[in-house]
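The values are calculated or read from the model by the stated rules, or taken from the named source; none is laboratory data. Keep in mind that this is a model prediction, so the values were computed, not measured. Note that we place each Cβ from the backbone using ideal geometry, even for glycine, and neighbour counts take in every protein chain shown. For the accessible areas, the whole protein counts, side chains as well, though only heavy atoms, and no ligand, DNA or RNA atoms are used. Shrake-Rupley method; radii C 1.70, N 1.55, O 1.52, S 1.80 Å.
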Amino acid sequence: PEPIDRDDWEEQRKAFASHMRQWMGDPKVELWFGDECGIEADPRPRRRWVEPGSKPKIPYSGSHVRRSVIGAVRPSDGAMSTLIFSHCNTDVFQAFLDTLAEENPKKEGIRQLLILDNAGWHKSKSLNWHHFEAKFLPPYSPDFNPIERFWLRVKTDYFADFFCRKGAELEERTIHALSHFMNNPSIVASQCRISENF
């Protein structure tokens, strides 16, 4: 949906872009971008070559087997942290923050910023952010979050036309996909690169 007050929305986006340029130019700031992604067991059809007049057949169960992945990436070097859950809420997000902080300890003299959208569980007052500082994107601004491009890459490479009927099989495939990218941070860094002209 379009924002109700478009002028105010555009001003918020300009202000956030200005902050981003400052953070990117500051060697004492480390940027992380977080988001959730839903992965389903029914296939996502892709374009392909087929014989004229034929239709490719793709199975569909309609059973709605689904998992949620919560993740954060550091575009500067492709580091990432993820957890797989059946759903998202404040408790689940706190578990992710705990894991992120444990895997990425505090760096003396460095501000570690975690940039997120405005999901309700991101803004709960009960959250313990550890040594990370939360910064929130303007509304309707997924284009400002490079992890969105990473989720698209994960789905394209591992879940296009993928089909299964069991949650365990979906989790196994998800773990395999995420492990591949964790072991290849240069791919993540390339996929999540932030333009210098942000």
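Observations, loosely collected:
- Here r is the Cβ-Cβ distance between Ser68 and Met24 and R0 is 22 Å; the resulting FRET efficiency, rounded to 0.05, is 0.15.
- Of the accessible area of the range 57-184, computed with a 1.4 Å probe over protein heavy atoms only, carbon and sulfur atoms account for 50 percent.
- Partners of Lys166 within straight-line reach, counting lysines whose Cα lies under 30 Å from its Cα and excluding those fewer than 8 residues away in the same chain: Lys55, Lys57, Lys155.
- Rounded to the nearest 10 degrees, the angle from helix 90-103 to the longest Cα principal axis of the chain is 70 degrees.
- Whole-number accessible area per residue in Å² for the chain, which is evaluated in the context of all protein chains at 1.4 Å: 59 Å²
- Largest to smallest accessible area among Ile175, Ile39, Ile4, Ile84 [probe 1.4 Å]: Ile4, Ile175, Ile84, Ile39
- Solvent exposure, largest accessible area first (probe 1.4 Å, DNA, RNA and ligands not counted), of Glu169, Glu108, Glu51, Glu11: Glu108, Glu51, Glu11, Glu169
- Ordering Leu116, Pro139, Thr156 by the projection of their Cα atoms onto the charge dipole of the range 84-179, which places +1 on the Cβ of Lys and Arg and -1 on the Cβ of Asp and Glu, puts Pro139 at the extreme positive end.
- Comparing Ser76, Ala189, Trp129 along the charge dipole axis of the chain, the residue lying farthest to the positive side is Ala189, per the Cβ-charge model.
- Theoretical gain in end-to-end length, Arg48 to Gln94 [0.36 nm per residue, Cα-Cα removed]: 12.4 nm
- Beta bridge orientation in the range 1-137: antiparallel %, DSSP, nearest 5: 60 percent
- Taking every C-alpha pair closer than 8 Å and separated by at least 6 residues, the mean separation divided by the residue count of the chain gives a relative contact order of 30 percent.
- The Ser195 and Tyr140 beta-carbon pair, evaluated with R₀ = 22 Å, returns a calculated FRET efficiency of approximately 0.65.
- Comparing Trp121, Trp49, Trp23 in a Gaussian network model of the chain (Cα springs below 10 Å), the most mobile by mean-square fluctuation is Trp49.
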